[in-house]
Structures are given as structure tokens and as C-alpha cells.
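The values are calculated or read from the model by the stated rules, or taken from the named source; none is laboratory data. None of these values were measured; they are calculated from a predicted model. Using ideal geometry, Cβ is built from the backbone for each residue, glycine included, and neighbour counts are taken over all protein chains shown.
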């Protein structure tokens, strides 16, 4: 049964990252975009009218918080990039993951109609109708303007901040009396820009609720670097700490002449601006409360004052609108739309929404976390709970994220990114995966099942610190990638307790068929390699073995020593990062389902094992460590066992998975000392020193090598990151978990 065909509406931030994740999970999709370009809101001058960017706009979130987790922003970008840099970043993202091949430009969805037996009929701009099994709505919510409504009539000019470009466009904003209504980030930016003395304007800023102004920098660092809520502490406590600290950081708004906010800090979206307090304090911007009445060009304010104005700029937000749906099907009156995890409408199983939230402090990674869940759902690796449970959770989440906030349209979709992402990663995805496992499994993603082929190879022995190690050398099937120095080569090793004849051959053969030589080896003490001490993992020794294998592979006849790549899986997925760190003779690294943080793995183990099982494993490991120190033979445990058995890996299904790829030289035993070593094993600390390109392959349902830690390491390594809807062994030949 093929994967469902998926349609994505919109190629802005949300549509792009959803498309990327669908591609990672092997889900066929088409993205329909009304414009001639990607980027949505960040495509300055977007011909579809969906960009609210003005010429001077810089992002208010620092690049450190804004970056996608699998595509970091360039190092040379400033802390707060210009909108042209954001667009260039999105263009690079689309190129890196080849997204535009599945985007139909100038061919948006005019009408989407649910089909009785499931799926959607989509009427498109080109006059055609397409069918999709699954629909993802990512059309954005910063384009349908919401204007402030005041009693009376204004006879001057009114525009929305969405249409503001610069002091000359779309109007001549020089020598004018200008009222800016609103006190969000756009209102602050526009008021600051138009109050420049060189323009000769009189600028007034009117606010209904007031606002707390937060700085962009604290102690010389972007302020949002200090913002991180914890899922382990009550939110009310964390808000209270922030409320106590706010006056110390930027003072009370009244000191700048602004009205006293009618809410406490974090009960409304704060305004981030360095310059607005300066302009207010300098008298360049005059603060006023809410508008009471419009009378010709006279505007009367709630404090009893009035003023004459030529232009009113409404920086008053947007409506959430779905022009392609019938209004009685789905709409968002008052910007309220009830979605499970801000994604799924209860009772409509073939529809998902991406990006419909006001995420603090960052949107890009928020949508990325949504996209992962959407792709897992499309792949059949995540299943929704019953509708009644969905509605209950919607109400609970609404209270958690917005219950303390002002009842305003801009706050109806407020979420805290850190809490939201943690919830999806640690609870929602695992629970949804468990629900999916209880029903008929979705068809496997062929990209998670690389099929084995056969090929001849020859054995090579190399020396590692006096120990002979055995390797298989696969010569490339042809010389298509050869240059005058030779062919590229990939050095390959197995994970914890593994051997080269246990599942590596299919990967090696694929690489050889693609024109690369492959050098797959066994660590000392394992498989066909020498070593007096058998079945003992010593991390330092294995890193030395990998370095020796690298040198041996580079010295082979016909190999280009300047094009040596490292490939590792699981424990070796961390090793290759550690070996490559700081070296200039490594051309590339492939890190598959890597273990990069032993501490994080230990925390993950607590979720999947009983305390008794973990305590028993630790005791055996300690006994082995003490025995080795006193000259006795170490104690062994199984590499892999069934749940509850003393083994390095004993999760449900792992015994069948591992033994299913085991080769003739593999032994199901390992020195129990490994349980003592892994706690301090943290190659993630070294990834920032990796100088070459990195491909990080992450199994999103990995129960032994934490995928979140791998994603963080991939970000630090500036890796290309690919996600797969499977568990730790799911990328091996013939495995479906």
C-alpha cells in the first residue's frame, strides 16, 4: 500500500519545513503556492501580497533562537538578521533539501473540498482539480488585515502597517502628523523610523493596553538567549520570577511616558525594541492612550486630550483566514480555532495545520516540531487519540498557554515554544507511536529499509597500536567519481558490540555501487580483529582504531587521500564525530542514529526500563570495573536481550532486530563495564570542531540513542539532518520498526 499523497498549501516557513519533513519520511507531496517564490511573509514585495516586511525590517528574534534545528543560520549573519538575509536563508534551506521540485508556483488552492470517502478535491488557480489523500494547511496568518474600529470618521489617510514599506512608500511620510495605533513590534519599528528628525514628522503612538518593553540585549548578549522556560517547574513560578526581574532590565513603561500596562509582564506579548524608549524619552514620539473618537482629522483620546493628524497607521494585527475553505466548514472567528496540539481539528483525520500559533520566543523551530509530528502521522507512525480526549487536551492546553493572558485576538494562539516542543518530543510523539502500534502498522518507508545486495570484497589487515584489525575493502563498481589522485573512500564501523558482518554490507554495497570505495572494519576485540581482551568496549581504544583505519584506508592504492569520509552508526555514529573533530583530512562524515550524549541516553533509559533493571545493570558494570582494576577478568552481559534481562540493550523488539542482522562473527556478549563508560561519553561536545560537511541521520522514534540530543549535535555541527520514522534499528536492511 503506497503512502498517502499529500498536498501542502503555502510555501512560506510552515509549508517549507513541512515539505522537508514529509520528504525525510518518504511521503509523496505537492506544495501549492500562489506566489512565484518561496518565503511567504519573508519574501519582501511578495506579489501575492502576503509579505508584511518593510524595507528596514530586522527580525526581533535572534538567529540563535530562530534557526531551524537541521539548518543553522550562517555564522556571518548578525544576531538580528535583516529580512533579506532571512529570505536568503529560506532560499538556501529550499536548495539544500531540494524542495522546489515539489512546489507548484503561481498555482495556489482556490477551493478545498473534503470528499465523502476521504481525501480532498483541490481546485487550483490554473483551472485544474487535483485529489489529495491528506491536506496540510500552511497559508500563514499575517496577511488578512485587522483594522482598529473607533467611533466616528477619520477624513485623513488610513493604512495598515502591512502596507508600510518605507517613509516614501506607499505614501509620502514626510512633514506629516502621524498616529501609529498599536504597541507591538511593528508599531514600535514604524514609529521609530517615522520619528526621525530628518523627515519632519510629528509622530504619536496610541495604545489600548499598554505594553512591557524588553531590550534586545542583556549583558551584551541577545536577550532571548536568557529566555528558556522549564517543563519541570510550575509556569506560574517562572512567570513570577520574570515579572520581578523585568523592572530591573528595562524599567517600567511609565518612565518613558507610556500608559501603565493593564496587565502584568507575560500576560500579553511584550514589545522588543531598543530605540522606542529613546524616542519616547527624547520627545520624538508622543505616547497616548486608546482612541476615544474620530472627528474629521481630529482624534480624541481616552485621557481627554486630542490632536490633529494626517495619517493613521494601524499596526493592529491580522485575522486568521482560510479563503479556500467554506466558512461553515472551518473558520477562526475572533482568531479562535480549536486544534489538537495546534495541528489537528477533531474529527477531520485527513487535515493538519502548520504554523497557526504565536510562538514565544521563536517560530521556525516551533513549526519544525509540528512538521515532525505531521510527517509521522502521514507515515502511519503516529495516531491521534479519541476525539473526546482531543477536545479535553485542547481545553487544557488553551488554559496552560493562554489562561493567564489578556483576552485579545492576538493571544488566542499563544504558545511557549520550549514547553510545546518538550511536550511533543517527550510525550505526544511517543504516546502517538504507541497508539499506532496497537493498530495495523502503516506501510514501511522504503527509505528505512535498505535492501542487502551481494558483492565481492577483499580482506585487509591494518595495525592499531600494535593490535591487528580486520577490514573489508569494497572497491567502487566504476571510476565515475575518480580524479587524478584516485577514488573517494568511506571508512565504516558498527555500533555497540557490533561486527562488520552484522548489517554493514548492504550500506557498503550501496556506496560502492555509487562509485565510492568502502573500508569496513572491526574494532579490536570484536569480530575478526585481534586483541587479547575480547568483547570489551574501550571508547579511547575504539577511537584509536578508527584513526588507524582512516590512515590505512587513505594509503590504499587508487584511493584519493584527500577524499576520505567517515561513516558510523549508533556508538560509532558518535565516534566519527569525535574522530573528525579538528581534522582537515576528513572530507565528510555520516552519523547514523548516533549516540552523542551518554547522560541523555541514561535519562532516556529511565523512561523505558524499571529502576530494578537499571540498578542491576549498574551493579554488574561496577563489579566488572572493580574486577578489571584488581586484575580479574571482567564480567560480561548480553549485548542485546529481551525486556527485563541483563543486557546492554533490552528494549522490546531489540533482540529480534539486532539478532536479525547478526553475522557469523558476532557474539552476544559484552563487558558489563560499558554501562559505566557511557555516562561520560559525550562526543556532542566536540561537534563544533568538525570542519567538514556532516550528514546526520536521526530515527525520530529511537529509544536508545536520544534523537533530540542528535538533533542538537547536528545543529552545532551545521549538519545536513535527515529524519526517519523508525526506531534505532529501522534503517538496517529488512527492518521495519
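For the stretch 33-52, enumerate the residues that are surrounded by fewer than 21 Cβ atoms within 10 Å (Cβ to Cβ) and touching a helix residue (DSSP H, G or I) at 6+ places or on another chain (Cβ under 7 Å).
Passing the criteria: only 44.
Among the listed residues 736, 667, 718, identify the single one that is in a loop (DSSP other than H, G, I, E, B), surrounded by fewer than 23 Cβ atoms within 10 Å (Cβ to Cβ), at pLDDT 90 or above and within 27 Å of the chain's Cα centre (by Cα).
Just a single option satisfies the conditions, and that option is 718.
From 343, 330, which residue is assigned by TED's automatic domain parsing to the domain that holds residue 64, touching a residue at least 12 places away in the same chain (Cβ under 8 Å), over 21 Å from residue 162 (Cβ atoms) and out of contact with any helix residue (DSSP H, G or I) (no Cβ under 8 Å at 6 or more places or on another chain)?
Numbers: 343 fails: out of contact with any helix residue (DSSP H, G or I) (no Cβ under 8 Å at 6 or more places or on another chain).
Step by step, each of 343, 330 is checked, and only 330 is assigned by TED's automatic domain parsing to the domain that holds residue 64, touching a residue at least 12 places away in the same chain (Cβ under 8 Å), over 21 Å from residue 162 (Cβ atoms) and out of contact with any helix residue (DSSP H, G or I) (no Cβ under 8 Å at 6 or more places or on another chain).
Restricting attention to the stretch 60-88, which residues are outside any loop (DSSP other than H, G, I, E, B) and either more than 15 Å from the chain's Cα centre (by Cα) or outside the structural domain of residue 35 (by TED's automatic domain parsing) (or both)? Don't jump to the end; show me each part of the working.
To start, the set of residues in the stretch 60-88 that are outside any loop (DSSP other than H, G, I, E, B) comprises 63-66, 68, 71, 82-88.
Answer for the stretch 60-88, where residues must be outside any loop (DSSP other than H, G, I, E, B) and either more than 15 Å from the chain's Cα centre (by Cα) or outside the structural domain of residue 35 (by TED's automatic domain parsing) (or both): 82, 83, 84, 85, 86, 87, 88.
Anything in the stretch 16-32 that is part of a loop (DSSP other than H, G, I, E, B), surrounded by fewer than 19 Cβ atoms within 10 Å (Cβ to Cβ) and in contact (Cβ under 8 Å) with a residue 60 or more places away in the chain? List them, or say none.
Within the stretch 16-32, 26 is the sole residue that qualifies.
Just one of the numbered conditions (1) surrounded by 17 or more Cβ atoms within 10 Å (Cβ to Cβ); (2) under 14 Å from residue 212 (Cα atoms) is not true of residue 248; which one?
Among (1) surrounded by 17 or more Cβ atoms within 10 Å (Cβ to Cβ); (2) under 14 Å from residue 212 (Cα atoms), the lone unmet condition for residue 248 is (1).
Residue pairs, Cβ under 9 Å, 6 or more apart or interchain, first in the stretch 385-399 and touching a residue at least 12 places away in the same chain (Cβ under 8 Å) and not assigned by TED's automatic domain parsing to the domain that holds residue 413, second assigned to a helix (DSSP H, G or I) and surrounded by 12 or more Cβ atoms within 10 Å (Cβ to Cβ). List them.
So the pair list comes out empty.
Give the residues of the stretch 499-518 that are in a loop (DSSP other than H, G, I, E, B), in contact (Cβ under 8 Å) with a residue 60 or more places away in the chain and more than 31 Å from the chain's Cα centre (by Cα), sorted by residue number.
499, 500, 501, 502
Could you list, in sequence order, all residues of the stretch 106-141 that are surrounded by fewer than 17 Cβ atoms within 10 Å (Cβ to Cβ), assigned to a loop (DSSP other than H, G, I, E, B) and touching a residue at least 60 places away in the same chain (Cβ under 8 Å)?
Result: 106, 118, 125.
Of all residues in the stretch 304-330, count the ones that are closer than 19 Å to residue 187 by Cβ and part of a strand (DSSP E or B).
Residues flagged as closer than 19 Å to residue 187 by Cβ and part of a strand (DSSP E or B) within the stretch 304-330 amount to 7.
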